[in-house]
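Here's the structure, in structure tokens; my notes come after.
The values are calculated or read from the model by the stated rules, or taken from the named source; none is laboratory data. None of the values given here were measured: they were computed from a predicted structure. Here the Cβ is made from the backbone with ideal geometry for all residues, glycine too, and neighbour counts use every protein chain on show.
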Amino acid sequence: MFESNYARIEYIEKDNVVLHTWKKEAHYEMYRASVIASLHLLQSHKGSYFVVDARNGFEDVEADVKWGFDYFLPELKKTGCRIWAFILPEVSDIEGEIDLWTAEIEKNFQVIRATSYDEIIEQLSTLAFRDTLKKAE
């Protein structure tokens, strides 16, 4: 687990989820330290799901977006993670930011979105069931 003034990152074993919860706005080194903590947990738990609780989300500065696209996403792909989930309110002040990230994330991962952690887990369970059915065919 990792916790700072900006984020809390934890591995939830029963759901095979790395949960990254933003507490408040972070940029540059504070942003990257939190994201790298998530990456380390994802590397330790290969094939886990990445869930970002962005209900306290914010607009990233351009340098952090570039770093995320150029460094974090390629490293995330190496972990075997296939699904990135966002927890967001029904209407978010950062829709443009989420759309920007989603467009890039969807190049290599499936993206899901819900308003609560429980909704994310329900969607993940449905996806896992579908994958099991496909493998059985």
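Of Ile112, Ile98, which residue is β-branched (Val, Ile, Thr), at pLDDT below 90 and either assigned to a helix (DSSP H, G or I) or under 14 Å from the mean Cα position of the chain (by Cα) (or both)? Spell out how you get there, then give the answer.
On the way: Ile112 fails: at pLDDT below 90.
The unique qualifying residue is Ile98.
I'm trying to understand the selection: among the residues of the range 1-35, which are among the basic types (Lys, Arg) and either in contact with a Ser or Thr (Cβ under 9 Å, 6 or more places away or on another chain) or crowded, with 16+ Cβ neighbours inside 10 Å (or both)?
Arg8, Lys23, Arg32
Would it be correct to say that Leu73 is hydrophobic (A, V, I, L, M, F, W, C), at pLDDT 95 or above, over 25 Å from Glu90 (Cβ atoms) and out of contact with any Ser or Thr (no Cβ under 8 Å at 6 or more places or on another chain)?
Yes: the conditions hold for Leu73.
On the basis of being under 14 Å from the mean Cα position of the chain (by Cα), of a type in the set (A, V, I, L, M, F, W, C) and under 13 Å from Gly57 (Cβ atoms), does Phe86 make the cut?
For Phe86, the condition - under 14 Å from the mean Cα position of the chain (by Cα), of a type in the set (A, V, I, L, M, F, W, C) and under 13 Å from Gly57 (Cβ atoms) - is met.
Is it fair to say Glu62 is free of Cβ contacts under 8 Å to residues at least 24 places away in the same chain, closer than 20 Å to Tyr117 by Cα and not small (Gly, Ala, Ser)?
Spelling it out, it is not the case that Glu62 is free of Cβ contacts under 8 Å to residues at least 24 places away in the same chain, closer than 20 Å to Tyr117 by Cα and not small (Gly, Ala, Ser).
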